[in-house]
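Engineer: My questions all concern the structure below.
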Amino acid sequence: MIETRRTFHAQLDEVTRDIVRLAAYVTEMIPKGTEALLSGDLQSLQEVIDSDDEPDELSVWIEDQCYQILALQQPMATDLRAIIAAIRLASEIERSGDLVVNICKGARRVYPFEISPTIRGLIEQMSEQAAKLFRLSMDAYVEHDAGLAAALDDMDDTLDILHKQYIETLLSQEHEGDLQEAVQFALIGRYYERIGDHAVNIGEQIRYMVDGWLPEHAGAARMAARRAAETPGDAEPPDAATSVDDGG
């Protein structure tokens, strides 16, 4: 039994390392994608798009490893939450990499293009904030820091504000009838904002891993309270109230 547990924790440590490695890929993709966008270089944009294959492969590997652990080790309690969280984290991180790819594809669709200094500055700030949120989410994961994981939601407000300023600035500029360019740059801003949302989701999964909490639990508790308030105190459970007495 001791040897089995030792093997399990070695496998779990490997999954943790792979999650961190996957997040590192995506964290590096964010500034690279931004640099390619702002430089307007087609080759750089394509390189970022092509680089997504490696994190995709790693994400699939992580999920496969987690499913094998679940099937062979049958973990319980905290260990089980760690495996479930890892599966969900792999998905959140991989989708964030896809969003960086979407940024580059959007830029490629409207090439060649010009970016005003104001829009350029806002893109740089959104990129920096998105990468920062990702780095902090991984710090929380490695350190099992539920407090930092919970704080990511508030930190994401900065990125939300930048995104709002970006859209307002974008709408105030004239695009000389080029609706396609305006739409693509609006989507690019949305992709940065969504990366921040994924970092917040990662924080929620870390809280689940550490103490079993999920946002859905608050909603479920409110629903249970409403049902209790709507049900008379002396009411019988549904099955008992509707059962038929065959005893004569």
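Engineer: Identify the residue in region 115-130 that is under 18 Å from Leu171 (Cα atoms) and not hydroxyl-bearing (Ser, Thr, Tyr) and, among all such residues, is surrounded by the fewest Cβ atoms within 10 Å (Cβ to Cβ).
Structural biologist: From region 115-130, those under 18 Å from Leu171 (Cα atoms) are 115-123, 126; that's our starting set.
Going one step further and asking which of them are not hydroxyl-bearing (Ser, Thr, Tyr), we end up with 115, 117, 119-123, 126.
Numbers: Ile115: 15, Pro117: 7, Ile119: 18, Arg120: 13, Gly121: 15, Leu122: 22, Ile123: 21, Met126: 25.
Only one residue fits best here, namely Pro117.
Engineer: Of all residues in region 75-117, how many are among the polar types (S, T, N, Q) and modelled with pLDDT under 95? Give the steps one after another, and end with the answer.
Structural biologist: Residues of region 75-117 among the polar types (S, T, N, Q): 78, 91, 96, 102, 116.
From the residues that got through so far, the ones that are modelled with pLDDT under 95 too are 78, 116.
The number of residues fulfilling the criteria is 2.
Engineer: Return the residue satisfying two criteria in turn: it lies in region 142-175 and is touching a residue at least 60 places away in the same chain (Cβ under 8 Å) and part of a loop (DSSP other than H, G, I, E, B), and of such residues it is surrounded by the fewest Cβ atoms within 10 Å (Cβ to Cβ).
Structural biologist: Ranking the candidates gives His144 first.
Engineer: Right, another one. Based on this model, can you work out whether Leu187 counts as of a type in the set (A, V, I, L, M, F, W, C), modelled with pLDDT of 95 or more, within 25 Å of Pro215 (Cα to Cα) and out of contact with any strand residue (DSSP E or B) (no Cβ under 8 Å at 6 or more places or on another chain)?
Structural biologist: Details: of a type in the set (A, V, I, L, M, F, W, C): yes; modelled with pLDDT of 95 or more: yes; within 25 Å of Pro215 (Cα to Cα): no; out of contact with any strand residue (DSSP E or B) (no Cβ under 8 Å at 6 or more places or on another chain): yes.
Spelling it out, it is not the case that Leu187 is of a type in the set (A, V, I, L, M, F, W, C), modelled with pLDDT of 95 or more, within 25 Å of Pro215 (Cα to Cα) and out of contact with any strand residue (DSSP E or B) (no Cβ under 8 Å at 6 or more places or on another chain).
The values are calculated or read from the model by the stated rules, or taken from the named source; none is laboratory data. Note that the structure is a prediction, hence the values are computed from the model and not measured. Methodologically, a virtual Cβ is constructed for each residue, glycine included, from the backbone with ideal geometry; neighbour enumeration extends over all protein chains shown.
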